[in-house]
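Visitor: Before I ask anything, here is the structure I am working with.
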Amino acid sequence: MSVDTAAPTRTYQLFINGEWTPASTGKTFEVRNPATGEKIADVAEATVDDVERAVDAARKAFDDGRWSGLSPGERSAILYRLADKLEENAALLAELESRNAGKPIKLSSNSDIPFAIDNLRFFAGAARQLEGRATAEYVTGYTSMIRREPLGVVASITPWNYPFMMAIWKVGPALAAGNTVVLKPASLTPLTTLELARIAREAGLPDGVLNVLTGPGERIGNALAAHAKVDMVSLTGDSSTGRKIMEAASGTVKRAHLELGGKAALIVYEDADIEAAAQGAVVAGFVNTGQDCTAGTRVYAHESVYKPLLERIVEKAKQVRVGDPMNEKTDMGPLVSAAQRDKVEGFVKRAVAAGAKVAVGGKRADIASGFYFEPTVITDAAHESEMIQSEAFGPVIAMSTFQTGEEAIHRANDVAFGLSGSVWTKDVFKALNTAKQLNFGTVWINDHLPIASEMPHGGFKQSGFGKDMSSYSLEEYTRVKHVMAELTGAPKKGWHFTIFGDAE
């Protein structure tokens, strides 16, 4: 089911038990290119009946051991083969990702797709290194050992801002650990996930191990989270969706892994390299059109450097090339939908109405079609305001001043989110002490955004819990079992009298 990205429209089906199948009702929904508004695909709209089919397929594939029963080396080999085949299809995936999500092709082809493949290769290797505590005698006459086992069926729900990369972040550790997966991509951006299913079948992934359902999250996502045969639900999305998924999952007390919203802060001290901080702020704030949970949306600058930093950020924001995502020179594409553009526009209008000022941007970009918004810098927004406290998820940076490091740290931490932030200073002591006090899952020093497959990604507070990437994520997708073996063979043990009989 390969995709000709030059074709105006393709029709996609659900992927269940290794086969392409229509939705039980035969219904489809439209997927559009956010840069043009044009329809690029019709995609099957799954129902609750389809959830049953997919979960049953994943359950059977797990229970009969066709994946978990393979040796770690065998699973690793298939995942490496999948990574190789994804690399062979990298150009197609990058182009499709850009057309579907509206992200610049240079971001898709140089960052999202190759990094996702690297992440899968990391987990292909990690599949062979799932370890427990060493076997030992902790009680006289007994040997204890630890087994680290897969959970079973994992429901993975991915967002629209990084469709392919987030799919790999979830599928990689889940499969490496021996689980089977039902994967639900966002309805706005399902196309590269469906391609992932096609390529996984070509790579030899057994039937039922990876299933893909497309359709509305409120119906399909909630049904997966509540399903009694699903052992874990993993979501990347906004915090309100995370709360709904937790509620749905609570009925069966299943494990939940949530990577939710963010409101990342950049703290720029008086001794920082202003040029580096300005460059970093623009990259951090406008990455993926600001549709990134780690986007640097709040810049706190020491009062002594605030003005020159603001000037440099505004100057650089004016140089951001907004336009056709398929143009290699484009820095920033459209927002993913008209609704998302309207949301960002509403944030800016309400901020201005409340007394904030627009230093640059602040309105829709003058482009004939698509859902474009200008790179925007806001000043003088009150700390308690929506602009500072809530996630707009668009290309908007809010700048503020501070007088002391304590003030900056307090204000950076004083939001509901705790995903990421960065510190800008030449003083290593100041940098490390600030990093220690920031209540974020990731803190960068003198940069913002870089990630590595070997290092964990995940937040605190309402940014969720659990880790993506790294060996830490394997803890999310496995369970620990204690096995204790009696060594003497004696029918009556020395401690039995405490319950039955007399002491000898």
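Quick note: the coordinates plus some simple rules give every number you see, no bench work behind them. As the structure is a computational prediction, the values presented were derived from the model and not from experiment. Ideal geometry is used to build each Cβ from the backbone, glycine not excepted, and the neighbour counts take in all protein chains shown.
Visitor: Label point 7 Å out from A416 along Cα-to-Cβ: which residues of segment 221-255 have amide N under 13 Å?
Guide: Only 238-244 pass the distance filter.
Visitor: Using all alpha carbons of segment 237-354, what is the percent of pairwise distances in each 5 Å bin, ordered from the shortest bin to the longest?
Guide: 2, 10, 14, 17, 18, 14, 11, 7, 4, 3, 1
Visitor: Just want the ordering: M484, M332, from fewest to most Cβ atoms lying within 10 Å of their own Cβ.
Guide: M484, M332
Visitor: Please work out, to two decimal places, the log10 of the ratio I(q)/I(0) at q = 0.12, 0.15, 0.19 Å⁻¹ from a Debye calculation in which every Cα of segment 98-224 carries one identical scatterer.
Guide: Taken in order of the listed q values, log10 I(q)/I(0) reads -0.53, -0.74, -1.07.
Visitor: Given a Förster distance of 25 angstrom, what is the FRET efficiency for D427 paired with A452, based on the Cβ-Cβ distance and rounded to 0.05?
Guide: The calculated FRET efficiency here is 0.50.
Visitor: Among the lysines, select those whose C-alpha is under 26 Å from the C-alpha of K363, and discard any that sit fewer than 8 residues away in the same chain.
Guide: Correct list for K363: K39, K103, K106, K263, K307, K316, K318, K329, K343, K349.
Visitor: Also: Applying the Karplus parametrisation 6.51 cos²θ - 1.76 cosθ + 1.60 with θ = phi - 60° to the phi angles of segment 211-228, what ³J(HN,Hα) value in whole Hz is obtained for each residue in order, glycine and proline being reported as x?
Guide: Calculated HN-Hα couplings, in order: 10, 10, 10, 10, x, x, x, 4, 8, 6, x, 5, 5, 5, 5, 8, 5, 5 Hz.
Visitor: Pairs of alpha-carbon atoms within less than 8 angstrom and 6+ residues apart define the contacts here; what relative contact order does the chain have, in percent?
Guide: Worked out over the chain, it gives 17 percent.
Visitor: Find how many whole Å separate the alpha carbon centroid of segment 105-172 from the alpha carbon centroid of segment 262-331.
Guide: Using only Cα atoms to place each centre, the spacing works out to 32 Å.
Visitor: Let me make sure I get this right: for segment 264-445, a, b and c are the square roots of the gyration tensor eigenvalues over alpha carbons, sorted descending. Under 1.5 in a/c it's rounded, otherwise prolate if a/b > b/c, else oblate. Which is it?
Guide: Judged from the Cα gyration tensor, segment 264-445 comes out prolate (a/c at least 1.5, a/b above b/c).
Visitor: Please give the contour-minus-distance gain from A228 to R147: 0.36 nm per residue of separation, less the Cα-Cα distance, rounded to one decimal in nm.
Guide: Contour length minus the Cα-Cα distance gives 26.8 nm.
Visitor: Here's something else I'd like to know. From the backbone phi of segment 21-27, what are the Karplus-calculated ³J(HN,Hα) couplings (6.51 cos²θ - 1.76 cosθ + 1.60, θ = phi - 60°) in whole Hz, Gly and Pro given as x?
Guide: These are the phi-based 3J(HN,Hα) values: 8, x, 5, 4, 8, x, 6 Hz.
Visitor: Here's another thing I want to ask about it. Going by a ≥ b ≥ c, the root eigenvalues of the Cα gyration tensor, does the chain fall in the rounded group (a/c under 1.5), the prolate group (a/b larger than b/c) or the oblate group?
Guide: Oblate.
Visitor: For the chain, what does the helix formula give at 222 nm: sum of -39500 (n - 2.57) over DSSP H segments with n ≥ 4, over the residue count, nearest 500 deg cm²/dmol?
Guide: Using -39500 (n - 2.57) per qualifying helix, the result is -11000 deg cm²/dmol.
Visitor: Relative to the longest principal Cα axis of the chain, at what angle does helix 191-202 sit, 0 to 90 degrees, rounded to 10?
Guide: With both axes taken from Cα atoms, the answer is about 30 degrees.
Visitor: What's the local net charge at V480, with K and R +1, D and E -1, over the other residues with C-beta under 13 Å away?
Guide: Here the count lands on +2.
Visitor: Suppose R0 equals 22 Å; then what is the FRET efficiency for Q389 and E218 from their Cβ-Cβ distance, rounded to the nearest 0.05?
Guide: 0.30
Visitor: Moving on. So, with +1 on the Cβ of K and R and -1 on the Cβ of D and E, and no other charges, what is the size of the charge dipole of segment 112-186 about its Cα centre, to the nearest 20 debye?
Guide: 100 debye
Visitor: What ³J(HN,Hα) values, in whole Hz, does the Karplus curve 6.51 cos²θ - 1.76 cosθ + 1.60 give for segment 52-60 when θ = phi - 60°, with x put for Gly and Pro?
Guide: For segment 52-60, the Karplus curve yields 4, 4, 5, 5, 4, 5, 5, 5, 5 Hz.
Visitor: On a 0 to 90° scale, report how tilted helix 428-437 is relative to the longest principal axis of the chain, with both axes built from alpha carbons and the result rounded to the nearest 10.
Guide: 60 degrees
Visitor: A further question on this structure: What is the set of long-range amide H partners of A365 at a cut-off below 5 Å, with H atoms built 1.01 Å from backbone N?
Guide: Amide H neighbours of A365: Y372, F373, E374.
Visitor: Now a separate question. Quick one: which residues, 5+ away or cross-chain, put their amide H under 5 Å from the amide H of T442? H built at 1.01 Å from N.
Guide: S420, G421
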